[in-house]
Amino acid sequence: MIPFRLPLQDFADPASHCLETREQAGRAVAAIAAIAIGNDPRRWVELDFSGIAGISPEFAEEFLRLADAAGTDIWLVPSHYGSPSTALIIALKDRLQRLRDKEWDRACGRCCGLKAGS
C-alpha cells in the first residue's frame, strides 16, 4: 500500500517556512480528514516535514489535539524531519506507539476471543 503524502510546507508561512498558528494546524488536520473520507480509516499518512524551518508549541499542541479529536486511527508517520521539528516528532511517535498497541489489542481480541483491553 502506498501511503498518502502530505507536505506540511503547504501549510507553513510562506516567508518563514514555519508552522506557528492554530489555524495552520487546523488546515493541516482538515487535509488529513479529507484523505480519510471514503478510505479505510486506519490508513497511514506520511507527514513530509521537508522545508519546515520551525514548529511552534501552539501549532504542535493544536495539531495533536485535532488529530486525536478526529476519532480516526490514521497513522501519522513523519518523514524528512530535522531538529526544528523535534517536539512534534516525539509526540507523533508516541501517538504511533499508542495506535500500534491499540491495534495489537484488537488483533489479540479477535484471535483469542478476548475484548480489547482485557
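The values are calculated or read from the model by the stated rules, or taken from the named source; none is laboratory data. As the structure is a computational prediction, the values presented were derived from the model and not from experiment. Please note: Cβ atoms are built from the backbone with ideal geometry, for glycine as well, and neighbour counts cover all protein chains shown.
Among the conditions (1) at pLDDT 95 or above; (2) under 21 Å from Arg95 (Cα atoms), Pro14 misses just one, which is (2).
For Ile89, indicate whether it is at pLDDT 85 or above and either crowded, with 16+ Cβ neighbours inside 10 Å or under 18 Å from Leu6 (Cα atoms) (or both). So Ile89 fits the description; yes. Here segment 14-29 is the region considered, the condition is being closer than 15 Å to Ser85 by Cβ and surrounded by 13 or more Cβ atoms within 10 Å (Cβ to Cβ), and the residue that is farthest from the chain's Cα centre (by Cα) is His17.
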